[in-house]
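No lab work stands behind these numbers, since they all come straight from the coordinates. For clarity, every value in this text was computed on a predicted model and none was experimentally measured. No Cβ is skipped: glycine too gets one built from the backbone with ideal geometry, and neighbour counts run over all protein chains shown.
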Amino acid sequence: MKLLEVKDLRAYYFTPQGPVRAVDGISFDLEEGQVLGIVGESGSGKSTLGSVLANVIRPPLRLISGQVLYRGSNIYSMDPEKLRQLRARGISIIPQYAMNALNPTSRVRDIIRDLLLSHDASSDELNYRLKLARERALQLGLPPWALDRYAIELSGGMRQRVTILISTLLDPEVLIADEPTSALDVVVQRLVIQYLKDLLDNGAVKSMIFITHDIALVNEVATDLLVMYGGQAVEYGPVDEVLRDPKHPYTKGLMVSIPEPGVRIVKRPLTGLKGEPPSLLSPPSGCRFHPRCPLAMPICSSEEPPMVSVGGRRLVKCWLYRGERG
Amino acid sequence: MSREVLYEVDRLTKVFSTGFFRTTRIYALNNVSFNVMEGEILSIVGESGSGKSTLLKVLLKALKPTSGRVLYRGVPLERWDNRKYWKEVQAVLQDPYSSFNPFYRVSRPLLMAAKTYMPEASEADRLKAVREALEFVGLNPDEILGKYPHQLSGGQLQRVMIARALVIGPKVLLADEIVSMIDASLRVNILNLLYKLKKETGMSVLFVTHDLSLASYIADRILILYKGEVMEYGDVEAVYSRPFHPYTQLLMKSIPLVSRRWTGRITSTTIEFKTGYIGGCVFADRCPLATDLCRTTKPGLAQAEPDHYAACHYASKSAGLWKGV
C-alpha cells in the first residue's frame, strides 16, 4: 500500500541574491512498512525536503512544482479541515533542533494536553494518550518526573526526546524524523532508534522517513536509502545494496571517508572528497557533483544526467551508468 | 629515543558552585591524571558533560583548577608567563564561524598572530610565514587572504585557524571538537592534516571529540572521560581491542556502523537519571556489573596491562563481556 507518492518536487528559497534551489526535482514512493533514510551533507536540501513533505512551507521557501500524494490526495490542495486531520494522524514531523521546539513557559504535560485538545480528543482519548505518554517517556529513557517539569528545566537531550515523544504520541501513519538524535550521546541515540523501531514494529507508525547526515545510522533504521547532493537525489535503493555496493561516485566517496573505530591512519589512511559542497544559489552546470568527482567526463559538466535504473529497485543519477539503462 | 614529557596532569579537580546560595557543587573534573608526550596525538573522548572542554580550558590557562597540579615542561602552569605559554600552546575551537570577526578579512587574525609572536620580523617575512602556513594546511594563499569569513566554508575556516596556530609555531595544539561542524566527506581531510602536523613538525595534538571513530583514527593514545573522571586511558590499539571499562564497552556497542548492526536491545536503565555519586564510581548507576563496593568506594585508575589503565573494581572480569560485540 502506497502511503506517499512524491512527484518531481521542487521548492526554492527566494533570497535577494536569487532562488536557492534546495529541493530540485525529487521523486519517490513510500510504501507501508518502508523506512526511507535520506542522507546528505549540510546544504544538500534534506531538511528542506523534510519540511516540504510535512507541508510546512514558510517564506522565503516556496513550492515551485510537484505533488505529494498522501493515500492518493495531494497534500498541497487539501482543505483546512482535511489538512488538520492529516497533521494529527497522517504525517507528523520531528523537527530538526527539536530541543528548541518546546514552549519554555509550559509544563510538558500541559503541552501534551493542549496538543490532544486541539485535535478534539475525547476525555477517554485524553486519559489514554496521557498514560501512553508516561509509558513512552520511560522507553525513551526520560526520568519519570520529566513530564511534570517546564521545558527549561530539562537538558537539551531530554527536550529533544520530549519533542520526539510529542511528535509520535498521536501515532501518525507517516513519521518524518529530521536528525532526531543530533544532540544525543551515542547510548541515548541507540535508545531513541530502538524506540522508533518499536513504534514501527507494533504498528503505531506505518512508515518513516529518517533524515540524517550519518550514513551508519541509516544502516540501523532504514529499509531504503536516498542519497541527496545539491538539492537532488543522486542514488536510491535498498539500504543493504547501496551500502554494500554504492554506485554513485559521491556515495562511494562518502563511504570511504568515514573511519570506523579502531581504523588508524598509520595502518589505513583514508582520503575525503576534494572541494566543497555546491552553492544552491548558482549550482554547477551539468551534474552538480562534477567539480568534485574523481571520475568526471566531458559530458558531466555540460549535461545533467538522468536518473537511470541499474537493476532491481536501484536508481543512480550519473553518466557512468547510461549504458546500463534498461 | 627519549621524548620529553610535555604535560603532567596530576589529580586535577575543577569544581563549579551553582544554585542560589552557591551550595550545589558540580565536579566538572575530579582527580584527573594523565601525561602528554612530545610529538604524540592524545584523543580525549567524552559525552557532553564529561568535562572534556573544561579540561581543555584549564590547559589553555583560561580556567584555574580547584585543586591538583598541571606541569607543562616541568613547570607548574601558574608559573608560566602567559605570552610565553601561548607561544607554545595554541587552540582551535569547535565553531569556525564564531572564531572569526565577520567584518574583517581572514588575513587579519593570521597577520595579527604573526605580529604578536614575531615582533622583530619584517612585514614581508610575516606575510611569508602566513603564506607558508596556509600552503601547509592545503589552502591557496592568493585565493584565501582577501576573503571574508562568510565567503569560505566551515572546513576552509577551520584550516585557516590551524594555519594561524602554525604561524605561531606552538609545540602543542589543543583541538576542541574541531570537525564536529564539518561535513562527513571533508572531516577526514582535517584529521589527515592534524596527523601531517604531528609527523612533519613534531607537534603534539590534544584532540577532543565525542566520536570514538575519529578518536582512534589519528591518536597514539586515548583518554576516556565520564562525568569528570577518567574511565580508561592508554594506547589506542590496547583500549580498542581490549576495552576493560564497562563504560567503554557500552560506548563501543552503541556506535552505529556501516559494517555491522546492533544486536539485542538496551534498557533505559543504562541511561543516567541523576548526577554521579561523589562517594562511589560515577558509572555505578548505569553499570551492569555494579555491586555495593562500586556504590561506596571510588575505584582508582589501575594498570590493566602495559600502557593501558582502567578505573573499575572489576576491570578484569568485565573484559569478558566485550566478546561477541
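Within the listed set A:SER118, A:SER301, A:SER207, the Gaussian network model of chain A (springs between alpha-carbon atoms below 10 Å) gives the highest mean-square fluctuation for A:SER118. With a/c under 1.5 counting as rounded, go ahead and sort region B:86-127 into rounded, prolate or oblate using the C-alpha gyration tensor (a ≥ b ≥ c being the square roots of the eigenvalues; past the cut-off, prolate if a/b is larger than b/c, else oblate). It comes out oblate by the Cα gyration axes.
How tilted is helix A:186-201 with respect to the longest principal axis of chain A? Cα atoms for both, answer in degrees (0 to 90, nearest 10). The angle comes out near 80 degrees. Counting only other chain Cβ atoms within 10 Å of each residue's Cβ, the peptide B:210-221 averages 4.
Take chain A and mark each of the GluC sites (Glu not before Pro) that is in a DSSP loop with at most 13 other Cβ atoms within 10 Å; the longest unmarked stretch, sites excluded, is A:33-302. Helix-only estimate, please: 222 nm mean residue ellipticity of the protein assembly as shown, summing -39500 (n - 2.57) across DSSP H runs of length 4 or more and dividing by its residues, to the nearest 500. One gets -9000 deg cm²/dmol as the mean residue ellipticity at 222 nm.
Relative to the dominant Cα principal axis of chain B, helix B:123-136 is inclined by about 40°. With the highest mean first, a sort of the peptides A:21-27, B:10-16 on other beta-carbon atoms found within 10 angstrom per residue produces A:21-27, B:10-16. Is the protein assembly as shown best put as rounded, prolate or oblate by its Cα gyration tensor, with a ≥ b ≥ c the root eigenvalues, rounded for a/c under 1.5, and otherwise prolate when a/b is larger than b/c, oblate when not? Since a/c reaches 1.5 but b/c is at least a/b, the shape of the protein assembly as shown is classed as oblate. Distance between the 7 Å Cα→Cβ label points at A:ASP201 and A:ARG268: 3.0 nm.
Is there a simple number for the mean count of other chain Cβ atoms within 10 Å of the Cβ of residues in B:176-186, and what is it? For this peptide, the per-residue mean of nearby foreign Cβ atoms is 5.
Using the Cα gyration tensor of chain A, with a ≥ b ≥ c the square roots of its eigenvalues, what is the shape: rounded (a/c below 1.5), prolate (a/b larger than b/c) or oblate (neither)? Taking the square roots of the gyration eigenvalues as a ≥ b ≥ c, chain A is prolate. Its relative contact order, with pairs defined as Cα atoms under 8 Å and 6+ residues apart, puts chain B at 20 percent. In this structure, B:THR263 and B:ASP142 have a Cβ-Cβ separation that, at R0 = 41 Å, corresponds to a calculated FRET efficiency of about 0.15. Remark: region A:266-277, residue by residue, has Karplus-estimated 3J(HN,Hα) of 5, 9, 9, x, 10, 10, x, 6, 7, x, 10, x Hz, where x stands for each Gly or Pro and the curve is 6.51 cos²θ - 1.76 cosθ + 1.60 at θ = phi - 60°. In the elastic network of chain B, a GNM with C-alpha springs shorter than 10 Å, the most mobile of B:TYR309, B:TYR195, B:TYR217 is B:TYR217. Remark: region B:284-290, residue by residue, has Karplus-estimated 3J(HN,Hα) of 4, 6, 10, 8, x, 9, 4 Hz, where x stands for each Gly or Pro and the curve is 6.51 cos²θ - 1.76 cosθ + 1.60 at θ = phi - 60°.
Angle of helix A:123-139 to the longest C-alpha principal axis of chain A, folded into 0 to 90 degrees and rounded to 10: 60°. Of the cross-linked pairs A:LYS131/A:LYS206; A:LYS131/B:LYS52; B:LYS57/B:LYS199, those separated by over 29 Å at the C-alpha level are A:LYS131/B:LYS52.
Please report the spacing between the Cα centers of region A:94-140 and region A:250-326 in Å, no decimals. Computed from Cα coordinates, the inter-centre distance equals 42 Å.
Per-residue mean of foreign Cβ neighbours for B:239-252 is 1 (Cβ atoms of other chains, 10 Å radius). Relative contact order, whole percent, for chain A stands at 20, derived from Cα pairs under 8 Å and 6 or more residues apart.
Using C-alpha pairs under 8 Å with a sequence gap of at least 6, the mean separation divided by the residue count of region A:96-234 gives a relative contact order of 25 percent. For A:TYR12, the residues 5 or more places off, or on other chains, whose built amide H falls under 5 Å of its own are A:ARG62, A:ILE64.
In this label model, B:MET181 and A:ARG313 are separated by 3.8 nm, measuring between points 7 Å along each Cα→Cβ vector. With each label modelled as a point 7 angstrom along the Cα→C-beta vector, the A:LEU126-B:PHE21 pair spans 4.1 nm.
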